[in-house]
Amino acid sequence: MQVRQPVHSEHARSLDTEGLRRHFLVEDMFKADEATLTYSQIDRIIVGGIMPVSKPVTFAAELGKYTGTDFFLQRRELGLINIGGAARVTVDEQVFEVGAREALYVGQGAKVLAFESVDAAAPAKLYFNCAPAHTAYPHRKVTLAEASPETLGAPETSNRRTIYKFLVPDVLPTCQLLMGMTQLEPGSLWNTMPCHQHDRRMEVYFYFDMNENAAVFHMMGEPTQTRHLVVRNEQAVISPSWSIHSGVGTQAYTFIWGMVGENQVFKDMDHVPMTALR
């Protein structure tokens, strides 16, 4: 488990490229037969990836030391979205088959979790967010067809995209975790522009569906103190509540967003006029 401390907005203004990447960028997300975990003290979110290849992957018992609990999900909920081959996930005594671009919600209190690929030649890649929880809601798989879709943008502004809301109140109950996936259409490069902040929630963007020569220039920082990170395939950016979170790619791409904080109102956003950006 890697632990990241919060960064004040005034501190962020003084960081160089290396400093911004160290605090906000999560790079090596998937490692064969391992779970990677990054604990951000911003709203206590844990971000990670699981890629079982030759054997099932489980959460080690000692992870509880990072949360001060007897086991990892004793007081936490978890959401994952599969971007790889088909997966089989065992949650206590329940077994879920999770295909590509399908999600799984795991409620508070799950003790034994095991993740395995159906076909080792096409391993699953399970990207997850995990947040503190106050009650136990049922575990549930959510398919792409069951997600709540919303198409936004236009070809003229290079931002035609569809937002698939997997873990939102319209689909299923969670304590605070919201997760979904945004897919850009061919020829569209911008996400979330015009941009916004939400002082009441933090957010993490995980970018994928990019070739090795592609990149996303992820915009962050206060609206009048913007910075950027160059993000490659299968990397994530931690966005504090004071920061904008937007990006433009060298090609179309897909990203998974996850939010935790004060509420679950998807449209609770503080929009930033284009004329205010600096």
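Bear in mind these aren't lab numbers, they're just calculated from the coordinates by the rules spelled out. Because the structure is a prediction, the values reported are computed rather than measured. Glycine gets a Cβ as well: all are built from the backbone with ideal geometry, and neighbour counts include every protein chain shown.
Details
- Taken over the chain, the percentage of Cα pairs per 10 Å bin, counting from 0 up to the bin with the maximum distance, is 7, 30, 39, 20, 4, 0.
- Approximate shape of region 141-278 as ellipsoid semi-axes (Cα gyration tensor, √5λ), whole Å, largest first: 22, 19, 14
- Taking the average, over residues, of other Cβ atoms within 10 Å as the packing measure, peptides 43-49, 123-129 rank 123-129, 43-49 from highest down.
- Calculated FRET efficiency for the pair Asp28/Glu97, C-beta based, R₀ 22 Å, to 0.05: 0.20
- Amide H contacts of Gly221 (H built 1.01 Å from N, in plane; Pro and chain starts excluded): Arg227, Ile244 sit under 5 Å, all sequence-distant by 5 or more or on other chains.
- Estimated vicinal HN-Hα couplings, Hz - region 120-135 in sequence order (Karplus 6.51, -1.76, 1.60; Gly, Pro = x): 4, 6, 10, x, 5, 10, 9, 8, 9, 10, 9, 9, x, 9, 10, 8
- Pairs of alpha carbons in region 1-46 whose separation is greater than 15 Å (percent): 49
- Near the amide H of Arg76, within less than 5 Å, lie the amide hydrogens of Gly109, Ala133, all on another chain or at least 5 residues away, with H placed in the peptide plane.
- Extension gain (nm, one decimal) between Thr17 and Ala136, 0.36 nm per residue minus Cα-Cα: 38.8 nm
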